[in-house]
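Peer 1: What follows is a structure written as C-alpha cells; I'll ask about it next.
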Amino acid sequence: MEMIEISQMDIFNLLDHNQDGQLQLKEVLTHTRLGNGRWMTPENIREMYTAVKADPDGNGVLSLEEFKQLNIRDFHKYMGNQKVKMSDLVRNSQHTWLYQGEGAHQVMRAIRQRVMRLTRLPPEIVEHSEPLQVVRYDQGGHYHAHMDSGPVFPETACSHTKLVANESAPFETSCRYVTVLFYLNNVTGGGETVFPIADNRTYEEMSLIQNDIDLRDTRKNCDKGNLRVKPQQGTAVFWYNYLSDGEGWVGELDDFALHGGCLVTQGTKWIANNWINVDPNRRRQQQFQQEMERLAGSEAGAGAPGEWTVDKAYSGVHLEL
Ligand SMILES: [Ca+2]
Ligand SMILES: [Ca+2]
C-alpha cells in the first residue's frame with residue numbers, strides 16, 4: 001500500500017477550516033475523534049494546551065508557529081495518562097444484538113414485519129439488514145450526537161455488501177439508509193433523543209460549536225437542540241440517514257440526521273435500533289441480495305444460514321462517528 005506523506009503544514013491547513021491562519025478551539029474540537037472513544041470538551045482542550053504548552057502566548061488559538069512547535073510525543077503522553085471515566089466517552093451505554101431472520105422468535109419476526117410496513121421498503125432489503133440492537137443506558141448514560149452511517153464516496157465499501165462485491169476499498173461504512181429507534185420503556189428523567197440541527201436551514205459544520213457551547217454534547221446542551229423526542233414506551237421514531245439520489249435510490253449522507261441520546265438523569269433507559277442497510281451502489285446491493293437468496297435456497301431447511309451469515313457479519317460492529 002502506498003503511504004501518503006503529509007507535512008505538519010498540510011495538517012494545519014486541513015484543520016484551519018476558515019483559513020485564517022489560526023486554529024480556533026472549535027476547529028480543533030471538530031477533529032478530535034481520537035479513536036479511543038473519548039469525548040473532548042472545550043475545557044479538556046484548554047487543559048491539554050496548558051499541559052503540553054501548546055499555546056505559549058495564551059491567546060486560546062494556535063498559530064502555525066505554535067502548531068509546528070508541538071511535540072506529538074508530549075501530546076500522546078498526556079492523553080495516555082488521562083483517567084477516562086465512562087461519562088467521558090462518546091457513548092456510555094451497553095448493547096447486544098438480537099437475531100430477527102427466518103426462524104427467530106415470533107416477537108422478533110413481528111418487529112421486522114412492522115418495520116417493513118412502516119418504511120415501505122422491499123422485504124428483501126429489510127430481511128437482509130442488521131439484526132436488532134438493544135441498548136441500555138443506566139443513570140448517567142448518554143450518547144453524544146453522531147451520524148449512524150458515514151459518507152459514501154466512489155471508493156467507499158458498505159459493510160453488508162463488501163464480501164459479495166469482492167472489491168477492496170480504502171473506506172468502509174455501514175450504509176444505514178434508515179434508522180428505526182424503538183423506545184422500550186418510559187424514562188424517569190432525561191434520555192430524550194436529540195436532533196441538534198433538524199430543520200436548521202442555515203446549518204454549517206462549524207456552527208455546531210459556538211464559543212464554549214458544543215451542540216453535539218448531549219450531557220450539557222440537549223436543551224439547545226432543535227428537536228427532542230421524549231422516550232415513551234411502545235413508540236418509535238424513524239428517519240433517513242441519506243438523501244435520495246433523485247432516481248429512486250440512496251444518495252448523499254443527510255447531515256441533518258445528526259442525533260444523540262441525552263443524559264439519563266434518573267432511572268434506566270431501554271431502546272432498540274433497527275437499521276436498514278442499502279448500498280448506494282445499486283448494482284452491489286442487487287448482487288448482495290441475489291447472493292443472500294442463493295445461500296438461503298442452497299441451504300434451505302438448515303435454519304436459513306444465509307441470514308445468519310449477515311447477522312454474524314455485524315456481530316462485531318461498533319460504530320463511533
Ligand atoms: Ca482558523
Ligand atoms: Ca496562541
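The values are calculated or read from the model by the stated rules, or taken from the named source; none is laboratory data. No experiment lies behind these values; they were computed from the predicted model shown. Using ideal geometry, Cβ is built from the backbone for each residue, glycine included, and neighbour counts are taken over all protein chains shown.
Peer 1: Consider the stretch 58-83. How many of its residues are farther than 20 Å from residue 9 by Cα and more than 30 Å from the chain's Cα centre (by Cα)?
Peer 2: Residues in the stretch 58-83 being farther than 20 Å from residue 9 by Cα and more than 30 Å from the chain's Cα centre (by Cα): 2 in total.
Peer 1: Right, something else. Within the stretch 19-29, count every residue that is in contact with a helix residue (DSSP H, G or I) (Cβ under 7 Å, 6 or more places away or on another chain) and not small (Gly, Ala, Ser).
Peer 2: 6
Peer 1: While we're looking at this one, here's another question. Mind listing whichever residues of the stretch 127-143 are surrounded by 21 or more Cβ atoms within 10 Å (Cβ to Cβ) and over 20 Å from residue 240 (Cβ atoms)?
Peer 2: Correct list: 131, 137, 141, 142.
Peer 1: Answer yes or no as to whether residue 47 is within 11 Å of ligand 2 (Cβ to nearest atom), modelled with pLDDT of 90 or more and of a type in the set (Asp, Glu).
Peer 2: In short, no.
Peer 1: From the list 187, 180, pick out the single residue that is at pLDDT 95 or above, surrounded by 14 or more Cβ atoms within 10 Å (Cβ to Cβ) and touching a helix residue (DSSP H, G or I) at 6+ places or on another chain (Cβ under 6 Å).
Peer 2: The unique qualifying residue is 180.
Peer 1: Hey, can you tell me all the residues within the stretch 35-60 that are crowded, with 16+ Cβ neighbours inside 10 Å and within 16 Å of ligand 1 (Cβ to nearest atom)?
Peer 2: 42, 45, 49, 54, 55
Peer 1: Could you tell me whether any residue of the stretch 296-311 is modelled with pLDDT under 95, closer than 26 Å to residue 154 by Cα and in contact with a helix residue (DSSP H, G or I) (Cβ under 8 Å, 6 or more places away or on another chain)?
Peer 2: Checked against the condition, which is being modelled with pLDDT under 95, closer than 26 Å to residue 154 by Cα and in contact with a helix residue (DSSP H, G or I) (Cβ under 8 Å, 6 or more places away or on another chain), the stretch 296-311 yields at least one hit.
Peer 1: Within the stretch 61-102, restricting attention to residues that are within 16 Å of ligand 1 (Cβ to nearest atom) and in a helix (DSSP H, G or I), which residue is surrounded by the fewest Cβ atoms within 10 Å (Cβ to Cβ)?
Peer 2: 65
Peer 1: Could I ask something else about it? Please go through the stretch 18-29 and give me each residue that is crowded, with 16+ Cβ neighbours inside 10 Å and either away from ligand 2 (no atom under 14 Å from the Cβ) or closer than 16 Å to residue 70 by Cα (or both), ordered by number.
Peer 2: Once the filter is applied, which keeps residues that are crowded, with 16+ Cβ neighbours inside 10 Å and either away from ligand 2 (no atom under 14 Å from the Cβ) or closer than 16 Å to residue 70 by Cα (or both), the stretch 18-29 yields 22, 23, 24, 25, 26, 28, 29.
Peer 1: On to the next question. Kindly provide the set of residues from the stretch 18-39 that are in contact with a strand residue (DSSP E or B) (Cβ under 9 Å, 6 or more places away or on another chain), in a loop (DSSP other than H, G, I, E, B) and at pLDDT 90 or above, ordered by number.
Peer 2: 21, 24, 39
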